[in-house]
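Below is one structure, written out as structure tokens, with a few remarks after it.
The values are calculated or read from the model by the stated rules, or taken from the named source; none is laboratory data. From a predicted model like this one, the values you see are computed outputs, not experimental measurements. Cβ placement follows ideal geometry from the backbone for every residue including glycine, while neighbour counts extend to all protein chains displayed. Ligands, DNA and RNA are stripped out before the accessible areas are found, and what is left, the full protein with its side chains, is counted by its heavy atoms. Shrake-Rupley method; radii C 1.70, N 1.55, O 1.52, S 1.80 Å.
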Amino acid sequence: MKIDLVTIFPGLLDGPFKESMIKRAVDKGLVEINLVDLRSYTRDRHRQVDDTPYGGGCGMILKPEPLFEAVEDLKGKAGTGNSVVILMTPQGTSFKQEVARRLSGEKHLVIICGRYEGVDERVRSALVDMEISIGDYVLTGGELAAAVIVDSVVRLLPGFLSEEASENESFSGSLLEHPHYTRPPVYRDMEVPEVLLSGNHAKIDRWRREQSLKRTYERRPDLLEHADLTPRDKVFLDTLRNVEDD
Ligand code: JA5
């Protein structure tokens, strides 16, 4: 996969992909990540990327020409013939794991990071395939949101996760994680649950599953609607509901 990030502040995205797991994926050749300075696609003497809004009003708008030229050039260089052009914007469809999964199957992503008051509408209507928001809050621009997209997509690329981690993820699906513990067995009078020290792996798996179900029920009951639940899970959830009724 190739990911091009188009921004007027490439420095904002310089760090995130040079550490840890994403760096490993880049080094392994699973993904190529390019920071593209939008200003390098300007042709005027002042290298202007923005301009004032028609009709008046405050703030600046990203001009269409540099964005069209950048995206067209990047599509040509990738040469896949089916690039997906994404605009980071609070007006986009909300980013979910399902969207990450879909994007992880693409060959080439171009992610445009918005700035100022936004982008010229012709970029939206004629250049962009998909508008994505990572949540309902305001940012100064799309760069940090784009880093979130890249992180979640790259970890899904074939060869990134160990087989065990992939299996775990597909089984736990949309449930919240169970509690985790490591040494020491007692810290400031706080004990690790005995079952985890028992060595009984069937019992440990069941305990973890029930802890996941309990957490999800308490904190994110909405997630249970789409969870893949066994008959035994459903019985356990019913006992949780009955305890609450008492
Ligand atoms: C702000 C000028 O999904 C959260 C997002 C907030 C935000 C994004 S994406 N882009 C911008 C922006 O501000 O371009």
message: For the ranges 237-245, 21-29, 7-15, what's the packing order if you count other beta-carbon atoms within 10 Å of each residue, average per peptide, and put the highest first?
response: 7-15, 21-29, 237-245
task: Could you rank Tyr137, Tyr217 by how accessible they are, 1.4 Å probe, largest area first?
output: Tyr137, Tyr217
- prompt: Using a 1.4 angstrom probe and counting only protein chains, how large is the accessible area of His46 in Å², to 10?
  reply: 140 Å²
- line: Karplus-derived 3J(HN,Hα) from phi for region 120-133 (6.51 cos²θ - 1.76 cosθ + 1.60, θ = phi - 60°), whole Hz, x at Gly and Pro, runs 4, 4, 5, 5, 4, 6, 10, 10, 8, 8, 8, 10, 10, 10
Semi-axis lengths, Å, region 105-175, gyration tensor of Cα atoms, sqrt of 5 times eigenvalues: 30, 15, 10
task: Rounded to the nearest 0.05, what FRET efficiency do Arg24 and Glu167 give with R0 = 22 Å and r taken as the Cβ-Cβ distance? Could you check?
output: 0.65
query: What angle do you read, to the nearest 10 degrees and between 0 and 90, between the alpha-carbon axis of helix 231-245 and the longest principal axis of the chain?
result: 80 degrees
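Using 0.36 nm times the number of residues separating Arg241 and Val138, minus their current alpha carbon distance, what extension gain do you get?
Working: separation 103, 0.36 × 103 = 37.08 nm, distance 3.72 nm.
Value of the extension gain: 33.4 nm.
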Calculated P(r) tail over 29 Å for the chain, as whole % of Cα pairs: 46 percent
- prompt: What residues from region 97-131 fall in the zone where the backbone N is under 16 Å from a label point 7 Å along the Cα-to-C-beta line of Thr52?
  reply: 117
statement: Once Ile33, Ile86 are ranked on solvent-accessible area with the largest value leading and a 1.4 Å probe, the list reads Ile33, Ile86
field: Degrees separating the helix 163-172 axis from the principal Cα axis of the chain, which is the longest one
entry: 80 degrees
- request: Work out, in µm²/s and without decimals, the Stokes-Einstein translational diffusion coefficient of region 164-245 at 4 °C, 1.567 mPa s, Rh from Kirkwood over C-alpha pairs.
  value: 92 µm²/s
query: Over the Cα atoms of region 67-132, Rg to Rh with Kirkwood Rh, two decimal places?
result: 0.96
- request: Round to the nearest 0.05 the FRET efficiency obtained for Glu225 and Val186 when R0 = 35 Å and r is the Cβ-Cβ distance.
  value: 0.35
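For region 108-246, what does the equivalent ellipsoid look like in terms of its semi-axes, each the square root of 5 times an eigenvalue of the Cα gyration tensor, given largest first in whole Å?
In descending order the semi-axes read 40, 20, 17 Å.
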- prompt: Between Ile112 and residues 5 or more places away or on another chain, which pairs have amide H atoms under 5 Å apart, with H built 1.01 Å from N, and which residues are they?
  reply: Val6, Ile86, Leu87, Met88
Most to least accessible of Leu30, Leu144 (protein chains only, probe 1.4 Å): Leu144, Leu30
task: Over the chain, give the accessible area per residue in Å² for a 1.4 Å probe, as an integer.
output: 62 Å²
message: Going by Cα centres, region 201-246 and region 114-154 are how many Å apart?
response: 36 Å
- line: Carbon plus sulfur, as percent of the 1.4 Å-probe accessible area of the chain, comes to 50 percent
